[in-house]
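Engineer: First the structure, which I've put down as structure tokens, then a few questions once you've had a look.
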Amino acid sequence: MITLGIETSCDETAVALLRDGKEILTNVLYSQVDLHARYGGVVPELASRDHLKKLPYLVEEALKEAGIGWGEVGLVGATYGPGLIGPLVVGVSYAKGLCVALELPFVGVHHLAAHLFAHRLSRPDVPPPFLGLIVSGGHTELVVVRDWDDFHVIGTTRDDAAGEALDKLGRLVGLGYPAGPAIDSLARKGDPAAIPFPRPMLGEGFDMSFAGLKTAAVRWLKDHPHPDLADLCASYLEAIVDVLVDKAIRAARIYELQRIVVVGGVAANSRLREVFPGRAAERGMEVFFPPKELCTDNAAMVAACAHFLFTERGYRDPLTLSPEANLSLDGWGKAAVPEEPDVGG
Ligand code: KG4
Ligand code: ZN
């Protein structure tokens, strides 16, 4: 069973072919970063148009790279939310078009659930239950994952996502967009204790807040116009890492979960990957990170989620399924797919 996965929720056009829900035959990606770099963030209209331009070629490239013919594809899965509505419309419409033309089943995938499925791809031997920490450019969520279709969101950011906080620091000091990878490498040369940035909402419930951190950095930069960038990045990153690690460990303890799974673009961060396992081990917990290329947006994770819902739950979506920019993860999976699907004739 080969699943074609499509991801276009933000600024990466991604296509993957996955055999039997576990073997990645190809996982190709076209990043739009150069297109958006000069604006310091993603421009939705430009993103939509570029997805439209690149997606058909990327699908062809994926098939060629994997040596797969259309006749061998058995399922199409595409991200239908959350994300930018224009880019989502492009991916979903293209996927539905393929399903009509090739008479294939279609499964709409939640982008954040897909991030969690990156863990299923890398560690199929470590199934739920676990605490999921999803840290990306648009989201920061603590999720109790009881099963692969049983998601309960217990905490989220009240304002900026962790990745967004990093990208905003990057914009302040001219590191380009997205700034996560540059901050990651600069921070390795700096002192994480050099600047005492606040740890917002530490010890208060499971929600988080990172907007104040950017304000603290703006203030600090006013007094220090020629900063040591390595120390600044290391200290700022440390504040984010401290909050994420503390909240996740507390949540896992209270929900009696021994495993924490960290996914999303920020899960590629070296400092987070370095300090988290040790701190969790002090509490008798284990932490898992997918390989870095599966942390950032990709379509293999989308295909993995679609494959699971279709083969193990018998789900498929009607071709009337519409993209949803603000699709919630809470309860998604069981509720996502209608009981008596209309397969669109
Ligand atoms: O999951 P993702 O690829 O896209 C979204 O769904 O948002 O995450 C992108 C975010 C960006 O904010 C980027 O700066 C951050 O992940 N990021 C990193 C690293 N690589 C990407 N943050 C810290 N360290 C990294 N190595
Ligand atoms: Zn993402």
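Engineer: Set Lys and Arg Cβ to +1 and Asp and Glu Cβ to -1, take the dipole of the chain about its Cα centre, and tell me which of Ala248, Gly170, Thr157 lies farthest positive.
Structural biologist: Of the candidates, Gly170 comes out farthest on the positive side.
Engineer: Using a simple spin-label model with points 7 Å from Cα along the Cα→Cβ vector, what separation in nm is obtained for Arg313 and Asp228?
Structural biologist: 5.0
Engineer: Right, here's the next one. Can you give me the P(r) profile for the range 75-201? Cα pairs, bins 10 angstrom wide beginning at 0, each as a whole percent.
Structural biologist: 11, 28, 32, 21, 6, 1
Engineer: Still on this model: Looking at the range 280-323, what % of the alpha carbon pairs are farther apart than 15 Å?
Structural biologist: When every Cα pair of the range 280-323 is considered, 65 percent fall beyond 15 Å.
Engineer: Summarise the accessible area of the chain (1.4 Å probe, protein heavy atoms) by the percent that is carbon and sulfur.
Structural biologist: Answer for the chain is 51 percent, counting heavy atoms of protein chains only.
Engineer: Something else: Please report, for the Cα atoms of the range 45-119, the Rg to one decimal and the Dmax as a whole number; what are they, in angstrom?
Structural biologist: When restricted to the Cα atoms of the range 45-119, Rg and Dmax are 12.9, 34 Å.
Engineer: A further question on this structure: Calculate how many DSSP beta bridges within the chain are antiparallel, expressed in % of all such bridges and rounded to the nearest 5.
Structural biologist: Bridges in the chain that DSSP calls antiparallel: roughly 60 percent.
Engineer: Once ligands and nucleic acids are excluded and a 1.4 Å probe is used, how much of Asp34 is accessible, expressed in Å² to the nearest 10?
Structural biologist: For Asp34, the solvent-accessible surface is approximately 130 Å².
Engineer: Something else about it: Can you list residues whose amide H is under 5 Å from Ile154's amide H, if they're 5+ apart or on another chain and H is modeled 1.01 Å from N?
Structural biologist: Leu142, Val143, Val144
Engineer: Which value in nm describes the separation of the simple spin-label points at Asn326 and Glu65, placed 7 Å from the Cα toward the beta carbon?
Structural biologist: Between Asn326 and Glu65, the label points sit 3.6 nm apart.
Engineer: For Glu274 and Tyr39 in the same chain, what is the full-extension length gain: residue separation times 0.36 nm, less their Cα-Cα distance, in nm?
Structural biologist: Full extension from Glu274 to Tyr39 adds 81.4 nm.
Engineer: Taking a ≥ b ≥ c as the square roots of the Cα gyration tensor eigenvalues, with a/c under 1.5 meaning rounded and otherwise prolate when a/b beats b/c, else oblate, which class fits the range 186-247?
Structural biologist: Because a/c hits 1.5 or more and a/b fails to exceed b/c, the range 186-247 counts as oblate.
Engineer: Once phi is turned into θ = phi - 60°, what whole-Hz ³J(HN,Hα) does the Karplus curve with 6.51, -1.76 and 1.60 give for every residue of the range 154-166, x standing for Gly and Pro?
Structural biologist: Ordered by residue, 3J(HN,Hα) equals 10, x, 8, 7, 7, 9, 7, 7, 4, x, 5, 4, 5 Hz.
Engineer: Would you be so kind as to identify which of Gly74, Leu29, Pro198 lies farthest towards the positive end of the dipole of the chain, taking Lys and Arg as +1 and Asp and Glu as -1 on Cβ and the Cα centre as origin?
Structural biologist: Pro198
Engineer: Kindly provide the Kirkwood hydrodynamic radius of the range 127-289 in Å, to one decimal, from all pairs of distinct alpha carbon atoms.
Structural biologist: That comes to 15.8 Å for the range 127-289.
Engineer: Cα extents of the range 132-196 along the three principal axes, largest first, in whole Å?
Structural biologist: 40, 23, 20
Engineer: In debye, nearest 20: dipole of the range 161-223 around its Cα centre with unit charges on the Cβ of K, R (+) and D, E (-)?
Structural biologist: 240
Engineer: Sticking with this one: Just how far, in whole angstrom, is the range 252-289 from the range 53-127 if you go by their alpha carbon centroids?
Structural biologist: The two parts, judged by their Cα centres, are 28 Å apart.
Engineer: Same structure again: With unit charges on the beta carbon (Lys/Arg positive, Asp/Glu negative), name the residue among Ala187, Pro129, Val143 whose Cα is farthest towards the positive pole of the charge dipole of the range 127-289.
Structural biologist: Farthest along the dipole direction, towards plus: Ala187.
Engineer: Quick one: which residues, 5 or more positions from Thr296 or on another chain, have an amide H under 5 Å from its amide H? H modelled 1.01 Å from N in the peptide plane, none for Pro or chain starts.
Structural biologist: For Thr296, whose amide H was placed from the backbone, there are no distant partners under 5 Å.
Engineer: While we're here: Note down the magnitude of the dipole of the chain about its Cα centre, charges +1 on Lys and Arg C-beta and -1 on Asp and Glu C-beta and zero elsewhere, to the nearest 20 debye.
Structural biologist: The dipole of the chain has a size of about 620 debye.
Engineer: Thinking of the chain as a set of Cα atoms, what percent of all their pairs are more than 25 Å apart?
Structural biologist: 51
Engineer: Could you order the peptides 291-304, 148-161 from most to least packed, using the average number of other C-beta atoms within 10 Å per residue?
Structural biologist: Ranking, from highest mean packing down: 291-304, 148-161.
Engineer: Given Cβ point charges of +1 (Lys, Arg) and -1 (Asp, Glu) and nothing else, what value in debye, to the nearest 20, does the dipole of the range 127-289 about its Cα centre take?
Structural biologist: Once rounded to the nearest 20, the dipole reads 240 debye.
Engineer: Amide H to amide H under 5 Å from Val261: which residues, 5+ apart in sequence or cross-chain, H placed 1.01 Å off N in plane?
Structural biologist: Leu131, Gly132, Leu133, Phe288
Engineer: Moving on to the next point. Taking 1 over the mean of 1/r across every pair of different Cα atoms in the range 1-128, what Kirkwood radius in Å do you get?
Structural biologist: 14.9
Engineer: Also: Per residue, how much accessible area does the chain have with a 1.4 Å probe, in Å²?
Structural biologist: Heavy-atom accessible area per residue stands at 41 Å².
Engineer: Residue by residue through the range 114-123, what is 3J(HN,Hα) from phi via Karplus (6.51 cos²θ - 1.76 cosθ + 1.60, θ = phi - 60°)? Round to whole Hz and write x for glycine and proline.
Structural biologist: With the stated coefficients, the range 114-123 comes to 4, 4, 5, 5, 4, 5, 4, 5, 7, 9 Hz.
Engineer: Quote to one decimal, in nm, the extra length available between Thr215 and Lys189 on full extension: 0.36 nm per residue of separation minus the C-alpha distance between them.
Structural biologist: Gain on extension, Thr215 to Lys189, equals 7.0 nm.
Engineer: Step through the residues of the range 3-17 one at a time and calculate ³J(HN,Hα) from phi using the Karplus curve (6.51 cos²θ - 1.76 cosθ + 1.60, θ = phi - 60°), rounding each to whole Hz and writing x for Gly and Pro.
Structural biologist: 10, 9, x, 10, 10, 9, 6, 9, 10, 10, 8, 9, 9, 9, 10
The values are calculated or read from the model by the stated rules, or taken from the named source; none is laboratory data. Keep in mind that what you see is a predicted model, and the values were worked out from it rather than measured. Cβ atoms come from the backbone with ideal geometry, glycine included; neighbour counts cover every protein chain shown. In case anyone asks, the SASA skips ligands and DNA or RNA and just uses the protein heavy atoms, side chains included. Shrake-Rupley method; radii C 1.70, N 1.55, O 1.52, S 1.80 Å.
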